[in-house]
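J.: I'd like to ask you about the structure that follows.
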Amino acid sequence: MLVPVVILTLLGLMLGLMLGYAARVFAVEGNEVAAEIAAMMPGTNCGQCGLAGCGAAADALVAGAAPATVCPGGGAPLAQAIAAKLGLTLDLGGLADQGPKIAEVQEDICIGCARCLKGCPTDAIVGASKQIHGVLHQACTGCGACVTECPTGAIGLRPLPQTLQDWNWASPSFA
């Protein structure tokens, strides 16, 4: 009984050392600027920008193939931060920042087809096939992927309700 345990331990140690050595020898250097921009993005990989996730959007920004307003989920603050980081000029005229939104399911229309479950990149929709679905508001990023997947139109985006934790008094205008 002791011999198989020792053999498996030595085999595991040897394979682990080989994998560690291979990771150092075949390491791929990444672009530091693209990694910093990807860290600034929401990280939900929702695909609203038309690219394959936040990493691909960051690579496109660094390469100059995408504008600073590429991420609709990040809104104007993210576009301004990206433009400042890359030294780009920013035109926010075409970017309509309507504030944060979350998905909401109208239960009287939902047929329980479960297509929205597959479309949600953050798994914010709960439910099962042939059951009415709901949305976990803490996990929803308001990307709208579930809205396009719903065949009955039971899912819509609504503004995020303000609570005492995130409510800000509007600044007075002295005009």
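Read-outs: derived from the displayed coordinates by stated rules, not from any lab. Because the structure is a prediction, the values reported are computed rather than measured. No Cβ is skipped: glycine too gets one built from the backbone with ideal geometry, and neighbour counts run over all protein chains shown.
J.: I need the calculated FRET efficiency for the pair Q80 and Q131, taking r as the beta carbon distance and R₀ as 45 Å, to the nearest 0.05.
T.: Between Q80 and Q131 the formula returns 0.60.
J.: Tilt of helix 75-86 relative to the longest C-alpha principal axis of the chain, in degrees (0 to 90, nearest 10)?
T.: On a 0 to 90 degree scale, this one is about 50.
J.: Based on a Kirkwood Rh over C-alpha pairs, give the Stokes-Einstein translational diffusion coefficient of the stretch 32-86 at 25 °C and viscosity 0.890 mPa s in µm²/s.
T.: Using the Kirkwood radius from Cα pairs, D works out to 232 µm²/s.
J.: For the pair I7/L92, report the inter-label distance in nm, with labels modelled 7 Å from Cα in the Cβ direction.
T.: 6.8 nm
J.: Ranked highest first by the average count of other Cβ atoms within 10 Å around their residues, in what order do 7-15, 33-41 fall?
T.: Result, highest mean Cβ count within 10 Å first: 33-41, 7-15.
J.: For I102, which sequence-distant residues (separation of 5 or more, or a different chain) have an amide H within less than 5 Å of its own amide H, given hydrogens modelled in the peptide plane?
T.: Amide H neighbours of I102, under 5 Å, 5+ apart: R158, L160.
J.: Apply the Debye scattering formula to the stretch 101-159, with a single equal point scatterer on each alpha-carbon and no solvent, then give log10 I(q)/I(0) at q = 0.14, 0.21 Å⁻¹.
T.: -0.28, -0.65
J.: Also: Among D123, D59, which comes first, then next, by fewest other beta-carbon atoms within 10 Å?
T.: The most exposed by this proxy come first: D123, D59.
J.: May I pose another question? Collect residues whose amide H, placed 1.01 Å from N in the peptide plane, falls under 5 Å from the amide H of A68; neighbours closer than 5 in sequence don't count.
T.: none
J.: Kindly write out, for the stretch 47-52 in residue order, the coupling ³J(HN,Hα) from the Karplus curve 6.51 cos²θ - 1.76 cosθ + 1.60 (θ = phi - 60°), rounded to whole Hz, with x marking Gly and Pro.
T.: Per-residue couplings from phi come out as x, 5, 7, x, 10, 7 Hz.
J.: Give the Kirkwood hydrodynamic radius (Å, one decimal) of the chain, defined as one over the mean of 1/r across all pairs of different Cα atoms.
T.: 19.9 Å
J.: Treating the beta-carbon of each Lys and Arg as +1 and of each Asp and Glu as -1, no other charges, what is the dipole magnitude of the chain about its Cα centre, to the nearest 20 debye?
T.: Approximately 300 debye in magnitude.
J.: A further question follows. With angles folded into 0 to 90 degrees, how steeply does helix 54-63 sit against the dominant principal axis of the chain? Use alpha carbons for both and round to 10.
T.: On a 0 to 90 degree scale, this one is about 80.
J.: Spin-label point model (7 Å from Cα, Cβ direction): what's the A139 to I109 distance in nm?
T.: 2.3 nm
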